[in-house]
Amino acid sequence: MKIMVIVAHPNLNQSRANRALTLELKKHADIDIRDLYQEYPNWQIDVEREQSLLLQYDRVVFQFPFYWYSCPPLLKKWFDDVLTFGWAFGPGGDHLKGKEFMVATTAGGTEKEYRAGGRNWFTISELLRPIQSTLTRCNGTYLPAFVTYNANEGTDAYLAEEAGKYAEHIRASAHALVH
């Protein structure tokens, strides 16, 4: 299975959590990693290139810090620019059919804060529904997300442990993830 991880963090080098996750993935030759903010510092996304890359992979993972209950703005722009009508959805928009998509995100809050009645009122799964809906509308299969909670306060050992779990999670078979 060919896996591509698109990392969307505006300051990846200064991030403890997302950097730890990315460094772990670099140990796995079967995972291709791309840094969206490094590739597009001017925000001019090469749509044809991105669409071509999507066609080459079986599973695409979007890794990002959870920003104001969503993804960072360049990733949102990527979705808007790349997942076009007639290519990703609508008549003739079946290029992503059969592709697997996954979100991997880091949240500053604890898992307890992301639940009904908690500080954030909703679970991460509920808050990720717009991204899930986008990817399923584009005929993709949305796999369970990977979430690292308490990323701001986590020790280096905790983040390393999470990074190991992350690598296992994104390399697992779809059957194992869903069941």
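The values are calculated or read from the model by the stated rules, or taken from the named source; none is laboratory data. None of the values given here were measured: they were computed from a predicted structure. Virtual Cβ from ideal backbone geometry, glycine too; neighbours counted across all protein chains shown. For the accessible areas, the whole protein counts, side chains as well, though only heavy atoms, and no ligand, DNA or RNA atoms are used. Shrake-Rupley method; radii C 1.70, N 1.55, O 1.52, S 1.80 Å.
Among the residues of region 98-130, write down those that are more than 15 Å from the chain's Cα centre (by Cα), part of a helix (DSSP H, G or I) and of a type in the set (K, R). Before the answer, list the steps.
If we filter region 98-130 for residues that are more than 15 Å from the chain's Cα centre (by Cα), which is where we start, we get 98, 108-123, 126.
Add one more test, that the residue is part of a helix (DSSP H, G or I), and what stays is 111-113, 126.
Answer for region 98-130, where residues must be more than 15 Å from the chain's Cα centre (by Cα), part of a helix (DSSP H, G or I) and of a type in the set (K, R): just K112.
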Residue in region 49-65 that is open to solvent by 30 Å² or more (accessible area, probe 1.4 Å) and on the phi > 0 side of the Ramachandran plot present: no
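Filter region 78-97 down to residues that are open to solvent by 60 Å² or more (accessible area, probe 1.4 Å) and not in a loop (DSSP other than H, G, I, E, B) and give me whichever is nearest to A167 (Cα to Cα).
D80
For (1) free of Cβ contacts under 8 Å to residues at least 60 places away in the same chain; (2) farther than 26 Å from E126 by Cα; (3) of a type outside the set (F, W, Y), each residue gets a yes or a no:
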| residue | (1), (2), (3) |
| --- | --- |
| I3 | no, no, yes |
| A20 | no, no, yes |
| L25 | no, yes, yes |
| A29 | yes, yes, yes |
| Q38 | yes, yes, yes |
| E48 | yes, yes, yes |
| F64 | yes, no, no |
| P73 | yes, no, yes |
| K76 | yes, no, yes |
Some residue of region 101-120 being within 22 Å of E153 (Cβ to Cβ) and in contact (Cβ under 8 Å) with a residue 60 or more places away in the chain: yes
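Checking the conditions here, which among T136, T105, T141 is open to solvent by less than 20 Å² (accessible area, probe 1.4 Å), of a type in the set (S, T, N, Q) and within 24 Å of L83 (Cα to Cα)? Steps first, please.
On the way: T136 fails: open to solvent by less than 20 Å² (accessible area, probe 1.4 Å); T141 fails: open to solvent by less than 20 Å² (accessible area, probe 1.4 Å).
So the residue among T136, T105, T141 that is open to solvent by less than 20 Å² (accessible area, probe 1.4 Å), of a type in the set (S, T, N, Q) and within 24 Å of L83 (Cα to Cα) is T105.
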